Amino acid sequence: MYDILIVGGGTAGLTAAIYARRAGKTVLVLEGAAFGGQIASSPLVENYPGIPSVSGPDYAGALTRQAADLGAETAFRQVTAAGRTENGFLLTAGKKTFEGRALILATGARHRKLGVPGEDELVGRGVSYCAVCDGAFFAGKDVAVIGGGDSALQSALFLANRCRTVYLVHRREEFRGAPVLVRRAEEKENIVKKLSRTVSAFEQAGTLTGVTLKRTDTGETEHLPVAGVFVTVGQEPDNAPFAGLVELDGAGYIKAGEDCVTRTPGVYAAGDCRTKELRQLTTAAADGSVAATAACRWLDEG
Ligand code: NAP
């Protein structure tokens, strides 16, 4: 029986672990994919206060070590169900169960897919969701990045240093990402914008050979021969295992305010997995500290 179970080993979950450990609580952090969370896929972080520039993987690694050094226990487990017990909460991960007196949900969000036929079967054979993880496989080759937000722009800039040509494909005329990133992308000679276009097909011969793009205004199609496609079209939450324990909104985010309090006493939601205006590293870290402090107080008062 842990004092606090934390689901999700990203910025929010690990920050919560740091705060809870410093408050003397026993903590187990369960993570189904990779500790460090989404930011580990980001080539460069330049907007975290006090750290002018750091790579996503370096930041994620340092955060994970910080939590572990403070005594947070960790386990590579995908939580599949959650429920209440007499004394707290029970998490199920496959055949294993874990019990805690309080629960912090910091499940983040997963990469959104395009939903174009062939996408799933080409993952690892030309289709990727992480430029940092897979960019090196495409050194000197032509690739496409799909999306118009900060992640797509950062990925294109990262890949432009390694790949021959980076086609930046966005379904609108204007990018959604920060103007500073748009400017940097425009200044890169080997980033070629393909605006008002969507991917209508993946082409393959065992591995990816290219994509078909379709203009959103005229419907005209064109063939883009690329060895890699980086799908960078945002995230969506994955909170289904907790639907019986907390309230979700229409998009699947856990309903909780800035205090991270859910409708269930003893359960807190932190970071990108909850309803919020701004999903950033800073707000995830803030949520982690708020949720852990609230959980510790709830335990001490209980
Ligand atoms: P995002 O801001 O939600 O952008 C997603 C992009 O993908 C949008 O341009 C969207 O198009 C496009 N898109 C969505 N579904 C699509 C589909 N089915 N087909 C084609 N295009 C599709 O996501 P994000 O870039 O991952 O960023 C998420 C959050 O993290 C943001 O708050 C961002 O600021 C933050 N972030 C910050 C940094 C940083 O360096 N500071 C880095 C990465 C992310 P529309 O524009 O048409 O909606």
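Please treat every number below as a calculation from the coordinates, not as lab data. Being a predicted model, the structure only gives us computed values, none of them experimental. FYI the Cβ positions are ideal-geometry reconstructions off the backbone, even for glycines, and counts take in every protein chain you see.
Structure notes:
- C-alpha center-to-center spacing [the range 157-187, the range 77-112] in angstrom: 38
- Exposed GluC sites (Glu not before Pro) absent: longest stretch of the chain, with sites in DSSP loops and at most 13 other Cβ within 10 Å deemed exposed: 87-172
- Stretching the chain fully between GLU173 and SER55 yields a gain of 39.5 nm (0.36 nm per residue, less the alpha carbon separation).
- Beta bridge orientation in the range 183-302: antiparallel %, DSSP, nearest 5: 95
- Hypothetical label at LYS214: residues of the range 164-197 whose amide nitrogen lies under 12 Å (7 Å Cα-Cβ projection): 197
- MET1/LEU44 FRET efficiency (R0 51 Å; Cβ-Cβ; nearest 0.05): 0.80
- Virtual spin-label span in nm between ARG110 and PHE76, 7 Å along Cα→Cβ: 1.7
- Rounded to the nearest 0.05, the FRET efficiency derived from the C-beta distance between LYS188 and PHE137 at R0 = 35 Å is 0.95.
- For the chain, the relative contact order is 21 percent, taking Cα pairs closer than 8 Å that sit 6 or more residues apart in sequence and dividing their mean separation by the residue count.
- Around the Cα centre of the range 121-234, unit charges on the Cβ atoms of Lys, Arg, Asp and Glu (plus for the first two, minus for the last two) sum to a dipole of about 120 debye.
- Comparing LEU245, LEU168, LEU14 in a Gaussian network model of the chain, where Cα atoms under 10 Å apart are tied by springs, the biggest mean-square fluctuation is seen for LEU245.
- The range 228-267, Rg to Rh (Cα coordinates; Rh as Kirkwood inverse mean 1/r): 1.15
- Coupling constants for the range 85-97 follow from the phi torsions by the Karplus curve (6.51 cos²θ - 1.76 cosθ + 1.60, θ = phi - 60°), and in residue order they are 10, 4, 9, x, 9, 10, 10, 10, 9, x, 8, 9, 10 Hz; glycine and proline get x.
- Here is how the number arises for the chain: DSSP H runs of 4 or more residues each give -39500 (n - 2.57), the sum is divided by the residue count, and the result at 222 nm is -7500 deg cm²/dmol.
- Across the range 45-54, rounded Karplus estimates of 3J(HN,Hα) from the backbone phi angles (6.51 cos²θ - 1.76 cosθ + 1.60, θ = phi - 60°) give 10, 10, 10, 9, x, x, 10, x, 7, 8 Hz, Gly and Pro being marked x.
- 3J(HN,Hα) from dihedral phi, the range 203-219, Karplus parametrisation 6.51/-1.76/1.60, rounded to Hz, x for glycine, proline: 9, 8, 9, x, 10, 5, 10, x, 10, 9, 9, 10, 5, 6, 8, 9, x
- Simple label model, 7 Å out from Cα along Cβ direction - GLU222 to ASP300, nm: 6.2
- For the range 6-121, share of DSSP beta bridges that run antiparallel, in % to the nearest 5: 60
- With 5 Å bins beginning at zero, the pair-distance distribution over Cα atoms of the range 90-159 amounts to 3, 11, 19, 17, 13, 8, 10, 11, 6, 1, 0 %.
- Contact order normalised by residue count of the range 90-218, Cα under 8 Å, 6+ apart, percent: 20
- Charge sum, other residues only, whose C-beta stays under 12 Å from ILE146's C-beta, Lys/Arg counted +1 and Asp/Glu -1: +4
- Where trypsin sites (Lys or Arg not before Pro) fall in DSSP loop in the range 208-302, at most 15 other Cβ within 10 Å: LYS255, ARG263
- Of all DSSP-defined beta bridges confined to the range 73-175, some 60% are antiparallel rather than parallel.
- Three-way shape label, the chain, alpha-carbon gyration tensor, a/c 1.5: prolate
- Local electrostatic count, GLY24, Cβ distance below 14 Å [Lys/Arg +1, Asp/Glu -1]: +3
- Proximal charge balance of THR221 [Cβ under 10 Å; K/R count +1, D/E count -1]: +1
- FRET efficiency estimate (nearest 0.05) - Cβ-Cβ, GLU247 to GLU203, R0 41 angstrom: 0.40
- The range 153-302: relative contact order in percent, alpha carbon pairs under 8 Å with at least 6 residues between: 12
- Within the range 129-154, backbone nitrogen closer than 17 Å to the virtual label 7 Å beyond the Cα of ASP238 toward Cβ: 129-131, 133
- Loop-resident trypsin sites (Lys or Arg not before Pro) (DSSP state other than H, G, I, E or B) in the range 6-95 with no more than 13 further Cβ atoms inside 10 Å of their Cβ: LYS95.
- Taking amide H atoms as placed 1.01 Å from N in the peptide plane, the amide H of LEU44 lies under 5 Å from those of GLY56, each 5 or more residues away in sequence or on another chain.
- GNM flexibility winner over the chain from ALA201, ALA292, ALA67 (Cα, springs under 10 Å): ALA201
- Rounded, prolate or oblate (a/c below 1.5 giving rounded, otherwise prolate when a/b exceeds b/c) for the range 1-159 by Cα gyration tensor: oblate
- Unpaired Cys in the chain, meaning no second Cys C-beta under 4.7 Å: CYS163, CYS260, CYS273, CYS296.
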